[in-house]
Amino acid sequence: MHAEFGNYLLVLAFILSICLSVFPLYGAFTKNMSLVYTTKPLVILFFLSLLGSFICLAYAFFIDDFTIAYVAQNSNSMLPDRFKISAVWGAHEGSFLLWVLILSGWMLAVSFIGQSLPKYSYARILSVLGMIACGFVSFLLFTSNPFERTLPFYPIDGSDLNPLLQDFGLIIHPPLLYMGYVGFAVSFAFAITALIEGEWNATWARWTRPWTIAAWSCLTIGIMLGSWWAYYELGWGGWWMWDPSENASFLPWLSGTALMHSLAVTDKRNSFKGWTLGLALSTFSLSLLGTFLIRSGVLTSVHAFTNDPSRGRFILFFLGIVVGSALLLFLFRSSKVKTKANFSEFSKDMFLLLNNVLFISATFIVLFGTLYPLFAEAFGKKISVGAPYFNAIFPIPMVLLFMLLGVGPLLNWKKHDFNKLKIPMLKIFGLATGLSLIAVWLMGTFYLWVFVGLALALWVALGAFYNLTLITRHKKTLRDKISGLSRSVIGMTLAHLGIVITLSGIVLTSYYSVEKDLRMAVGESQDIAGFRFHMKRMENIKKDNYRGSRVTFDVYKDGVFLKSMAPEKRFYIAGRQMDDRSRYRLDFISRSIHSTW
Amino acid sequence: MSEQSSILKPVISIAAFIGFLILFYFLIGKDKTELPSQFINQPAPKFQVVDLLKEKLIHTEEDFIGKITLLNVWASWCPSCYAEHPFWRQYAKNKDIVLVGLNYRDTKKKALKFINQQGNSYQWILFDKNGRLGIEFGVYGAPETFIIDPQGIIRYRHVGVVTPEVYKTIFLPLIDKIKGGF
């Protein structure tokens, strides 16, 4: 019964989304207020029906309804309850239902928070979002319905959730990632509406900015969680593998970062309009491209969703319509909004322009590396473009970016006196390179990239702190200084410091990681990178849904006991799948101890 | 900006976009369930495995010689196998191709229950209790289906459910090719 009800709600959502794409838009064009006023109720109903549908699916998982094919394939009666809930988005169909639910959540937020927008623009924005939602819901309904039954022959028990996904990181990673992906649909809808109305100015940028920042933050956290999960669960070890599925999320991130900065310029200076519009459109287009790549089965990676060509064709068709119409609108309408910018070479504007250029080049580098193997395959060649390509090329725009990032925030809009900054910048430069040299010397081995990376990180960090002292120079006490900071300055500084930490982590783990494959028995010890690993015991474990064995290592440094680590090998009973799990801990400056077996 | 270049720009952008879409379209058709492995175009591994239904009967790789064989890997714990089986039931009427089952990592009781429930569509069934033979064939999971030619050489491996559509588009052409002597 719940399956039928969930399916019914999905159909209802589909019809509501059609209404939403037609009525408010038509109302806005014909100036028919009664149609414009249908926007909000339609959005609320759309959200509620999808929420209901999602709850129905979750309920089916909760009561182990294996007559539903999706439940049978991704759950098992022995699966712990919390994983039964996360199993709802453990595979293609359910995760796409979550995807549209999150989109409807964003729409709901826009419909409530955006009420101060001009009525017609409000209706158009939500109508554009309604069209996107309509595409997604029909995809769900016609090619990947999660409520399909396997009657009359249904399995007695489910085949279990992939053990790799039975993990806390995976419970929260997809929802956040989707919030980012889908959130860019809001900026997209704002840009499309602006193009329809033929007007794109600072006011529009001010409306779009918070939504873009919210989506970007979710995407950032989502990517981080995914990276963390891949680190300890897949045992990938490093910080980033350039796996196609990672790249698919990284592309909208890069483009979205450019968009965020470009929006700041349009907001403050009413310039860069073409850039901002183009980026708003391309960021969501890249989200769609990522969706297509991962869900069509075109890419093979850890996110191996079942390969069904009809799904790929549907998303491609949808992508063609969305991106194609956005492209046409942009090509023929954007000339109206362009303005001649006016700023000198040494100004915040200029640095943000360079920021855009570099982020867009970075996007193209990743896009090329991800798509090239696919296109080569289309012409009958099998090649893989792996980490070596990315590691060789990607740092180039990044190094330039970090160099600019140390200076950019300090500059004034329009024009800055270079001589004023010369002395402090030289001091910061000297301090950054000096400290970096000391740090590399303390690490023992000299690597050029570590030195450069740390120097750049320090350059940006010191620049950010110098910026804070400049902004607050008129305040007397520290308390006043801190409370005097605007939220935008705090946000910017935190984001830039986050990048600093990321960069330091990347260079240090890339060059100072030690990895060894050893054979050991209980009671034996091994010395690795200054740590002594003593294999203490080996035991069998027995849990509800898996059996396995666990080995306990005691880790010593200079004869002093640090910590016990216990990697496990698990055998999941229902799915007959093996899973290695490593317990790890972080030591000072991310010199991590990683034990797998 | 001259008049000509203002027309050129949209045309080039749109053409590039359409080019991308067409390229992607052709990528979709590529079948990723075909797992190329070192076992393809190699003789089937040597084995001696007991029959599921007749305990005294031992099968070897020699049994594949002479006819085209479809070796279907299944297990009672695999839901997709329940979904796939009606197709094989239908298919069992096809007399010129031998359908052989490989019961993979299963218990005898559950496997027999599956056969009693679903009907036996196989000419004979290999009982691979601990998954040894599965490893020899490079099996990842169930269901998987191998096409073995009359010389006992593995010609194709399909991962996942064989649907009528998969059978029509992938299996039939290959079987025809084998029949034609390739």
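Values quoted throughout were computed directly from the atomic coordinates according to the rules given, and no laboratory measurement underlies them. Quantities reported herein were computed from a predicted structural model and do not represent experimental measurements. Cβ coordinates were reconstructed from backbone atoms using ideal geometry, including for glycine residues, and neighbour counts include every protein chain displayed.
Mind checking the mean number of beta-carbon atoms from other chains within 10 Å of the Cβ atoms in B:78-87? Show your work: numbers first, answer last.
Numbers: counts 4, 14, 6, 2, 6, 7, 0, 1, 1, 0.
Shielding by partners across B:78-87 averages 4.
Over chain A, DSSP H runs of length four or greater, each weighted -39,500 (n - 2.57), average out per residue to a 222 nm ellipticity of -22000 deg cm²/dmol. A crude spin-label estimate for the pair residue B:40 and residue A:22, with each label 7 Å from Cα along the Cβ direction, gives 4.8 nm. The P(r) of segment A:1-166 has a tail past 19 Å containing 55 percent of all C-alpha pairs.
Taking chymotrypsin sites (Phe, Trp or Tyr not before Pro) across segment A:417-489, the ones in a DSSP loop with at most 13 further Cβ atoms lying within 10 angstrom of their Cβ are A:446. For residue A:268, a cut-off of 16 angstrom between C-alpha atoms picks up these lysines, skipping any fewer than 8 places away in its own chain: A:338, A:340, A:348, A:414, A:415. Highest average first, the peptides A:95-103, A:37-45, B:43-51 ordered by how many other beta carbon atoms sit within 10 Å of their residues are A:95-103, A:37-45, B:43-51.
Computed from the C-beta positions of residue A:221 and residue B:58, the FRET efficiency with R₀ = 60 Å rounds to 0.55. Evaluating 6.51 cos²θ - 1.76 cosθ + 1.60 at θ = phi - 60° for every residue in segment A:276-286, the Karplus couplings come out as 4, 4, x, 5, 4, 6, 6, 4, 5, 4, 5 Hz, glycine and proline recorded as x.
Figure legend: label point modelled 7 angstrom from the Cα of residue A:203 along Cα→Cβ; no residues of segment A:243-266 have amide N under 11 Å from it.
Applying a 10 Å radius around every beta-carbon, put B:161-172, A:516-527, A:172-183 in order of their mean neighbour count, most first. Numbers along the way, then the final one.
Values: B:161-172: 14.4, A:516-527: 9.9, A:172-183: 23.7.
Per-residue Cβ counts within 10 Å, averaged per peptide and sorted highest first, yield A:172-183, B:161-172, A:516-527.
Determine, from the Cβ-Cβ distance of residue A:78 and residue A:5 and an R0 of 30 Å, the FRET efficiency 1/(1 + (r/R0)^6), rounded to the nearest 0.05. Calculated value: 0.65. The H on the amide N of residue A:68, modeled in the peptide plane, is under 5 Å from the matching H of A:150, each at least 5 residues off or on a different chain.
Long hydrophobic helices in chain B, taken as whole DSSP H segments with a C-alpha length of 20 Å or more on their own axis and mean Kyte-Doolittle hydropathy at least -1.0: B:3-28.
Dividing the summed helix terms, -39500 (n - 2.57) for each DSSP H run of n ≥ 4, by the number of residues in chain B produces a 222 nm estimate of -11000 deg cm²/dmol to the nearest 500. Each Lys and Arg Cβ is given +1 and each Asp and Glu Cβ -1; about its Cα centre, segment A:406-512 then shows a dipole of about 580 debye.
Distances between every pair of Cα atoms in chain B, grouped in 10 Å steps from 0 to the bin holding the largest one, split as 9, 34, 29, 10, 6, 6, 4, 2, 0 percent. Ordering of A:255-266, A:348-359, A:496-507 by packing is A:255-266, A:348-359, A:496-507, highest average first (other Cβ atoms within 10 Å, averaged per residue).
Taking 25 Å as the straight-line reach from the Cα of residue A:476, the lysines in range (excluding those fewer than 8 positions away in the same chain) are A:420, A:427. Between residue A:521 and residue A:414, the modelled labels are 8.0 nm apart [label points 7 Å from Cα along Cα→Cβ].
Near the amide H of residue A:541, within less than 5 Å, lie the amide hydrogens of A:548, A:549, A:550, all on another chain or at least 5 residues away, with H placed in the peptide plane. Taking amide H atoms as placed 1.01 Å from N in the peptide plane, the amide H of residue A:536 lies under 5 Å from those of A:523, A:552, A:553, A:554, each 5 or more residues away in sequence or on another chain. Roughly what % antiparallel, to the nearest 5, for the DSSP beta bridges in segment B:12-135? Counting only bridges with both partners in segment B:12-135, antiparallel ones make up about 25 percent.
Only one residue of B:90, A:416, A:85 has its Cα farthest out toward the positive end of the dipole of the protein assembly as shown, where Lys and Arg carry +1 and Asp and Glu -1 on Cβ, and that residue is A:416.
The string of couplings for segment A:39-49 from the Karplus curve (6.51, -1.76, 1.60, θ = phi - 60°) is 3, 5, x, 4, 4, 4, 5, 4, 4, 5, 5 Hz, one whole number per residue in order, with x for Gly and Pro. Of the residues A:101, A:270, A:75, the one whose Cα sits farthest towards the positive end of the charge dipole of the protein assembly as shown is A:270 (charges of +1 on Lys and Arg Cβ, -1 on Asp and Glu Cβ, taken about the Cα centre). Just tell me which lysines come within less than 23 Å, Cα to Cα, of residue A:557; anything on the same chain fewer than 8 places away is out. Answer for residue A:557, where 23 Å is the Cα cut-off: A:516, A:536, listed by chain and number.
Per-residue shielding of B:16-27, expressed as the average number of other chain Cβ atoms within 10 Å of the residue Cβ, stands at 6.
Model label points for residue A:138 and residue A:558, set 7 angstrom from Cα along the Cα-to-Cβ axis, are 6.9 nm apart. This model, with +1 at the C-beta of Lys and Arg and -1 at the C-beta of Asp and Glu, gives the protein assembly as shown a dipole about its Cα centre of some 1900 debye. The length gained by stretching the chain between residue A:396 and residue A:344 to full extension, at 0.36 nm per residue less their Cα-Cα distance, is 16.2 nm. Remark: mean inter-chain Cβ contacts per residue of A:38-48 equal 0, using a 10 Å Cβ-Cβ cutoff to other protein chain atoms. The dipole here belongs to segment B:48-179: it is taken about the Cα centre, uses +1 on the Cβ of Lys and Arg and -1 on the Cβ of Asp and Glu, and is about 340 debye. If you plug the beta carbon distance of residue A:119 and residue A:270 into 1/(1 + (r/R0)^6) with R0 = 25 Å, you get a FRET efficiency near 0.60. So which chymotrypsin sites (Phe, Trp or Tyr not before Pro) in segment B:65-156 end up in coil per DSSP with only 14 or fewer other C-beta atoms within 10 Å? Sites meeting the loop and neighbour criteria: B:140. Counting 0.36 nm for each residue step from residue A:422 to residue A:488 and taking away their Cα separation leaves a gain of 21.2 nm. In chain A, taking the dipole from charged Cβ atoms about the Cα centre, the farthest positive-side position among A:354, A:123, A:529 is held by A:354.
Once you have the Cα-Cα distance between residue A:67 and residue A:34, take 0.36 nm times their residue separation minus that, and quote the gain in nm to one decimal. Don't jump to the answer; show the numbers that get you there.
Numbers: separation 33, 0.36 × 33 = 11.88 nm, distance 4.47 nm.
Here the segment from residue A:67 to residue A:34 would lengthen by 7.4 nm.
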